[in-house]
């Protein structure tokens with residue numbers, strides 16, 4: 001799992017579908033319902049997105065400072081399950 005930030009400041013994790021199994025996921029995009037070998041875990045949304053849906057979301061995403069504590073708590077949860085690079 002590789003941690004990053006979007007241009008507007010949201011935390012994301014790039015993961016494989018195999019890594020999803022460690023938190024009960026299946027590598028199926030929460031937006032388009034298609035399987036993908038790789039995808040992006042977005043803590044502020046608590047969603048796993050395929051690359052296409054992640055890029056689409058990134059273009060319209062808005063950073064709201066009041067969501068920061070929720071986003072950070074979700075990120076800590078996922079980091080407790082998987083090691084970050």
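The values are calculated or read from the model by the stated rules, or taken from the named source; none is laboratory data. What you are looking at is a predicted structure, and each value in this text was computed from that prediction instead of being measured. Virtual Cβ from ideal backbone geometry, glycine too; neighbours counted across all protein chains shown.
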* If you go through the range 56-69 one residue at a time, do you hit one that is in a helix (DSSP H, G or I) and either closer than 16 Å to residue 26 by Cα or touching a helix residue (DSSP H, G or I) at 6+ places or on another chain (Cβ under 6 Å) (or both)? -> no
* Structure fact -> Checked 68, 60 against criteria (modelled with pLDDT of 95 or more and surrounded by 13 or more Cβ atoms within 10 Å (Cβ to Cβ)); the one match is 68
* Can you confirm whether the range 37-50 contains a residue that is surrounded by 14 or more Cβ atoms within 10 Å (Cβ to Cβ), assigned to a loop (DSSP other than H, G, I, E, B), without any contact (Cβ under 8 Å) to a residue 60 or more places away in the chain and touching a helix residue (DSSP H, G or I) at 6+ places or on another chain (Cβ under 6 Å)? => yes
* Structure fact -> Out of (1) at pLDDT 95 or above; (2) within 22 Å of residue 73 (Cα to Cα); (3) outside any strand (DSSP E or B), the one residue 33 does not meet is (2)
* Asked: Just wondering, is there one or more residues in the range 15-26 that are part of a loop (DSSP other than H, G, I, E, B), closer than 15 Å to residue 74 by Cβ and free of Cβ contacts under 8 Å to residues at least 12 places away in the same chain?
  -> yes
